[in-house]
Amino acid sequence: MREALALVQASWRTQRSYRVSMVLSILSLGVTVLPVYFVSKALQPYAAESIANQASNYFGFLVVGFIALIFVSTTVGSIPDAVGSGIGTGTLEALLSTRASIPSLLAGMATASCGARSRRYSFSSSQ
Amino acid sequence: MSGLAARDDASSLSVSGDSLPPLSDAKNFAVVLDGISKSFPVRRTWGDMARHPMLRPRAPVLQNVSLAVSEGEFFGLLGPNGAGKTTMFKMLATLVLPDAGTATVGGFDVVGESSKVRSVLAPVIADERSLYWRLTAFQNLELFAKLQGMRGAAIRTRVNEVLHVVGLADTGEKIVAAFSSGMKQRLLIARALVAQPRVLLLDEPTRSLDPISARAFRTFLRDEISGRQGCTVLLATHSADEVLELCNRVAVLDHGRLLATGSTTSLARDLGEERYALFTRDANHPALAAMVQRGVVGTLTVRGEEDGWTRVDMEVVGGMERAAQIVATLVEQGVVVARFEKVPLPLADLIDRIVRRGAEERSNA
């Protein structure tokens, strides 16, 4: 567990070191949400009936959908992404040569990759 | 040359590939490989797979390799590209499993006791891209200290210690992206040293360094890593300087087969050839050609002139006695000789000969 946390911390530090990109990805979340809010508000009278069984508010419905989409796509891709980039850079070999167990390394790499991917995803979805 | 001679004495204590110690003695050696073999599947084209769907061709990378490296030894691994050096290192680092044979590191089996092997061995196989470039040197080492199971204040103490050892104490807070190649190499070594390994595997550590940095790095390896830290070092390299300056013994690999082990001088001796330089004014004297014809000396190579004297290199089989006879014969026949001295066989030539001899043996077999 400590090993996984160490990898997440290293990834967070790496992400944080790209300062402009970090600020832009946070700003881009707002930029993405704003038009969705207004569009959903405009479509509320028409969409309310069709989503009546799931939700009463169309904006909330869309936000939950977006979050689920980002979560699924980053989760599914995180381990292959982490392992692939680790093989490419040689980091994976270096990590596997340590005393840390393979499950804890994979957990740490996947979580770290999830964070990086969701940040990239939120940034690219606003463009 | 004197350094080489001194190391030659040490090599007489070590074990050649042909006389492997019994595995019960494995704990007395830092590394023991006994009949290790490994092959990888050959990548095939779609057409080939369609024609021969059941065929599973494999390319041998290591074939029945046996060798032993003593505690504290600086051992060189030589051979052309694709010889199997890196695969051997990866096997020792528990990253690749052997198909056959056994390998132990510090007395622990690389297959059955891989976690114990990882606690005594550290590989520096990956290149500098395997560092976290956006993190500082300290943060890189801190991460690996945590992965090696260190906790609390011990991490900071050990990381600072290691940074000091590799000469990066002043640049610990600098991000790795701003480091020179030499500094990154040192950081790779530091990363390996964090867990205080007994055995260090170095795969071409000076390949991206300029000659001056490479020399400084070799000094660092010899004095600090091998000397003060007392690590057993296995070094895969193409550099003659590295081998001559650092290694007690070397092993030559080609096509996955171990062709020879020993010090460079003993290997040259085993090849049965020694090189001598003759300084004469009569490089074209018929007596020289006659000696080649009679097989008294091997090939003659005119190397150029020094102060009006022509240097002729010749290979002599039969040691000093034969060399003395050659000088006597040449003088008797009127060849003017200013100097006749033994010169070390260049490492590249030595490897080339061992590899060629191995290829001949393979084709004969």
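List of remarks:
- Full-stretch length increase - B:M320, B:A178 - with 0.36 nm per residue and alpha-carbon distance subtracted: 45.6 nm
- Counting Lys and Arg as +1 and Asp and Glu as -1 over every other residue whose Cβ lies under 12 Å from the Cβ of B:R44, the net charge comes to +3.
- Cα-Cα pairs of segment B:274-344 separated by more than 18 Å (percent): 26 percent
- Peptide packing for A:23-33, A:44-54, B:160-170 was compared via the average number of neighbouring C-beta atoms within 10 Å per residue; ordered from the highest value, the list is B:160-170, A:23-33, A:44-54.
- Over all other residues within a Cβ to Cβ distance under 11 Å of A:T89, the charged ones net out to -2, with Lys and Arg as +1 and Asp and Glu as -1.
- Legend: calculated FRET efficiency, A:Y18 to A:I102, from the Cβ-Cβ distance at R0 = 41 Å, rounded to 0.05, equals 0.90.
- The phi-based Karplus calculation (6.51 cos²θ - 1.76 cosθ + 1.60; θ = phi - 60°) puts the 3J(HN,Hα) values of segment B:297-306 at 10, x, 5, 9, 10, 7, 9, x, 10, 9 Hz, whole numbers, x for Gly and Pro.
- Lysine pairs in chain B whose alpha-carbon atoms fall under 19 angstrom of each other, counting only those eight or more residues apart or on distinct chains, come to 6.
- Segment A:40-107 versus segment B:139-202: alpha-carbon centroid distance in Å: 34 Å
- Dividing the Cα radius of gyration of the protein assembly as shown by 2.2 N^0.38 Å, with N the residue count, gives 1.31.
- For segment B:292-354 versus segment B:32-109, the spacing of their alpha-carbon centroids is 40 Å.
- Using θ = phi - 60° and Karplus 6.51 cos²θ - 1.76 cosθ + 1.60, couplings along segment B:232-239 (whole Hz; Gly, Pro as x): 7, 10, 10, 10, 8, 7, 10, 8
- Under 18 Å from A:K41, Cα to Cα: aspartates and glutamates that are on another chain or at least 8 residues apart: A:E49
- Residue among B:W309, B:W46, B:W133 with the largest mean-square fluctuation in a Gaussian network model of chain B, springs linking Cα atoms under 10 Å: B:W46
- Dipole of the protein assembly as shown, positive direction: furthest Cα of B:L259, A:I51, B:I175, with charges on the beta-carbon: A:I51
- Applying the Kirkwood pairwise sum to the alpha-carbon positions of segment B:2-268 produces a hydrodynamic radius of 19.5 angstrom.
- Residues whose placed amide H lies under 5 Å from that of B:V31, excluding near-sequence neighbours: B:V69, B:G106
- Taking every DSSP bridge with both residues inside chain B, close to 70 percent are antiparallel.
- In plain terms, chain B is cut at each of the trypsin sites (Lys or Arg not before Pro) found in a DSSP loop with at most 10 other Cβ atoms within 10 Å, and the longest leftover piece is B:152-365.
- For the pair B:V327 and B:D99, the difference between a 0.36 nm per residue extended length and the Cα-Cα distance amounts to 76.7 nm.
- Calculated SAXS-style log₁₀ I(q)/I(0) at q = 0.15 Å⁻¹ - segment B:216-365, Debye, Cα scatterers: -0.88
Just so you know, all these numbers are worked out from the coordinates, no wet-lab data involved. Here the structure is a predicted model, which is why all the values come from computation and not from measurement. So basically every Cβ, Gly included, is an ideal-geometry build from the backbone, and we count neighbours across all protein chains shown.
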